Structures are given as structure tokens and as C-alpha cells.
Amino acid sequence: MLYHSIERLLAAPEVEVVFVVLAPADADFRKHDWGRFGERLAPLYCGGASRRDSVLNGLVACASAVDPNDWILVHDAARPCLGKTELHRLIGDAGGDEVGGILAVPVSDTLKRADDDRRIVATESRDGLWRAQTPQMFRHGMLLRALRDSAHATDEASAVEALGHKPKLVEGSAKNLKVTFAADLEIAEQILKDA
């Protein structure tokens, strides 16, 4: 999955380098041949206990290689099916915005709120609701400040929102799924096979 995620990002000429944040003791990354990506791939052995910690550590580790105004795209290795069209749309739309933005898809399912016994207590309106995806794209300096100030952020956009900004929603694709369960892996394999 990591290979496909990196390959998808580096297919965009606008992406100069992919920093891969790994656990400090990771030994598996070095076992694989990444030579195809050359100098455009840079492993950073600084991962943290949470997503927020890993991204923050990665931002600190790459700070000497980037400018505070450079755009940073944060992407999950668990999303190997990122489409070229969606990536270019994000770079174009969010890159033209002063804040930045994220890929997301509108919620299409009916939403139910449950109690502790898993009984439905309400049907929630899905109007205006979107499912956040990655990449999420913000300027290095803003994102670094946002994550330092948001210890409990579940994604980069929520940290930027906590600074008082309103990131842009850029329409993604349901194919950009997050591989979480075994069934997701089968779907991702089929999407990659068909690409």
C-alpha cells in the first residue's frame, strides 16, 4: 500500500519530494527497493504515538528542506488508490486558496445516532456533511503552528480550523478509500488492478 501511495503522489510533477514518516525503530522500509523514486523520496524516522504526532514530527524533521510558505500535502499510506484527477484538482483548487484544503466526498448515506446500547436515538441530517480524505494540503508554517496548538486533532484540517481558518473542501472520489478492514484491501486491489 505504501508503494502505491508514494507512486500516486509522485505521478504529479508539482510534488517535488515525498517525506515518508516512519517509526524510529522501523526496519522494514529499508528492506525494499525504492530506487525508482530516486531523490524524490525521503524517509524520516520520527513517527509518533498518533497521527497528529507523526505529522508534527515529520513537519519538524523536514523544516530545513522546505520554506514555511511551501505547500505540504499530508497523505495516508492506507489510501493507495488516490486518483490523478482528484490530486490535480486538490493542487489546483487548494493551491489557489489562502488557507488550503482537503479532498472530501459528500455524505450520501442516511446517518443514525445511537445510544450506548446501539439503539437508534435519532436520524441526522446529512446536508452539508462531507467525509474527509487525504491528501490534506496546507502551507508548512501554518500546519506546523496548527498541529503544535492542537494536541487532539484527528486530522490536519481540524487543527487548521482550530486556528480560526476554514479549509476548502475539494471533491474527491469514493475510490480513494481508506484501507481499514480486510474487505477494503480486496476493493483497493481491484481498483489498482483496473487503473
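Residue count for region 11-49 under the criterion of being open to solvent by 50 Å² or more (accessible area, probe 1.4 Å) and among the small types (Gly, Ala, Ser): the result is 6. Selection within region 74-118: residues that are assigned to a strand (DSSP E or B) and of a type in the set (Lys, Arg). The member of this set that is surrounded by the fewest Cβ atoms within 10 Å (Cβ to Cβ) is ARG113. Counting the residues of region 1-45 that are in a helix (DSSP H, G or I) and within 16 Å of the chain's Cα centre (by Cα) gives 9.
Within region 146-168, restricting attention to residues that are within 16 Å of the chain's Cα centre (by Cα) and hydroxyl-bearing (Ser, Thr, Tyr), the residue that is farthest from SER50 (Cα to Cα) is SER158.
Any chance region 130-143 includes a residue that's of a type outside the set (Ser, Thr, Tyr), at positive phi and either free of Cβ contacts under 8 Å to residues at least 12 places away in the same chain or in contact with a Phe, Trp or Tyr (Cβ under 7 Å, 6 or more places away or on another chain) (or both)? There is no residue in region 130-143 that is of a type outside the set (Ser, Thr, Tyr), at positive phi and either free of Cβ contacts under 8 Å to residues at least 12 places away in the same chain or in contact with a Phe, Trp or Tyr (Cβ under 7 Å, 6 or more places away or on another chain) (or both). Of all residues in region 51-69, those being free of Cβ contacts under 8 Å to residues at least 60 places away in the same chain, open to solvent by 50 Å² or more (accessible area, probe 1.4 Å) and under 17 Å from the mean Cα position of the chain (by Cα) number 1.
The values are calculated or read from the model by the stated rules, or taken from the named source; none is laboratory data. Bear in mind the structure is a predicted one, so any value in this text is a computation, not a measurement. Quick reminder, even Gly has a Cβ in these numbers, built from the backbone with ideal geometry, and neighbours come from all protein chains shown. Ligands, DNA and RNA are stripped out before the accessible areas are found, and what is left, the full protein with its side chains, is counted by its heavy atoms. Shrake-Rupley method; radii C 1.70, N 1.55, O 1.52, S 1.80 Å.
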